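The values are calculated or read from the model by the stated rules, or taken from the named source; none is laboratory data. Quick caveat: nothing in here was measured; it's all calculated off a predicted structure. Please note: Cβ atoms are built from the backbone with ideal geometry, for glycine as well, and neighbour counts cover all protein chains shown. Ligands, DNA and RNA are stripped out before the accessible areas are found, and what is left, the full protein with its side chains, is counted by its heavy atoms. Shrake-Rupley method; radii C 1.70, N 1.55, O 1.52, S 1.80 Å.
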Amino acid sequence: MNLDCQQERELMDSYLSEELSVETNHGFLRHVADCRDCATELQRRQRLRSLLSETLDVPVNADHARVRITQAIDRERRSWQRVARLGAIAATLVAAVAVWYWAGRRVDAAAYSDSAEDHVACALTYSNGTVYDPDRAAHNLAPPFEHIVDVVGQSHGVYHVIDAHMCPYKGRNYAHVVIRGDGQTLSLFAERAERGALPDTPTTVLAGDTLDVHATTRLGYRISAVATRDHRLFFVSERPTDPPDLSQGILLSAVRFIRDLEK
């Protein structure tokens, strides 16, 4: 293993933990795209992390807990003293389950701001002559997002995809599709829903589908967000697209792609 590979492998765990800066992340991905041995090692570490995550992710079954508590109380109902004691225990356990449930649904207050900031930090840095390279995108996207551009589509009227890559930002690991046309740059971000629920904002229904869209603005950019079962998507634009339903079509295609992953 040469010195370049050794240095990049020292960054692998930080990449997988989403701790690299945007610039370092892009350099790392360029190396992995050209080095088959490092790409294989990265996939091995990703699989290991996924297996560990699945092993440790043990959900709490609140309904099962309540049934067991109720059965215990029924068995002891002949003794008022014991019933009272078990009732107190039941109340404590139910309260604990409720705390766990709501804690698991904490609000990710930075969700919109981070997508707008990463749009500025990454998407707006591409030069005007950047052209989409499918081989580069294939190397720079990690499973399960490697086919997102194939589903979303490379061209939408005057708008065209110019790049797609994994984009760590502030502890997130976005699949980032950069689209440009009509004098503006658009960003489509997809990420695992690991940091809580979307903030409570007014929602609309996306045309042609029963899909809630959380729309807001940050840093002067328009952001449309959608939460699926396991993922969240953000569409960032400087102004409405022309025609307006073009942006909805891109977002809807991405949502369908994500929902297929979740089946």
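For residue 218, nonlocal amide neighbours, meaning residues 5 or more places apart or on other chains whose placed amide H falls under 5 Å from its own, are 223. Modelled spin-label separation between residue 170 and residue 108, with each label point placed 7 Å from Cα along the Cα-to-Cβ direction: 1.2 nm. Around the amide H of residue 142, modelled in the peptide plane, lie the amide H atoms of 166, all under 5 Å away and 5 or more residues distant in sequence or on another chain. Can you tell me how segment 160-263 classifies by the Cα gyration tensor, rounded, prolate or oblate, using a/c under 1.5 as the rounded cut? Rounded, because the longest to shortest axis ratio a/c is under 1.5. Applying the criteria of a DSSP loop state and at most 14 other Cβ atoms within 10 Å to the trypsin sites (Lys or Arg not before Pro) of segment 99-168 yields 105, 106. Extension gain, residue 6 to residue 192: 0.36 nm times the residue separation minus the Cα-Cα distance gives 64.0 nm. Quick one: pull the percent of accessible area on segment 2-45 belonging to carbon and sulfur, 1.4 Å probe, ligands and nucleic acids left out. Result for segment 2-45: 40 percent of the exposed heavy-atom area is carbon or sulfur.
In order along segment 137-143, phi translates into HN-Hα couplings of 5, 4, 6, 8, 9, 9, x Hz, rounded to whole numbers, per the Karplus curve 6.51 cos²θ - 1.76 cosθ + 1.60 with θ = phi - 60° and x for Gly and Pro. Summary of packing: across the peptides 3-14, 24-35, the per-residue average of other C-beta atoms within 10 Å ranks them, highest first, as 24-35, 3-14.
Which percent of the accessible area of segment 157-263 is formed by carbon and sulfur heavy atoms (probe 1.4 angstrom)? Percent of accessible area from carbon and sulfur atoms in segment 157-263: 49.
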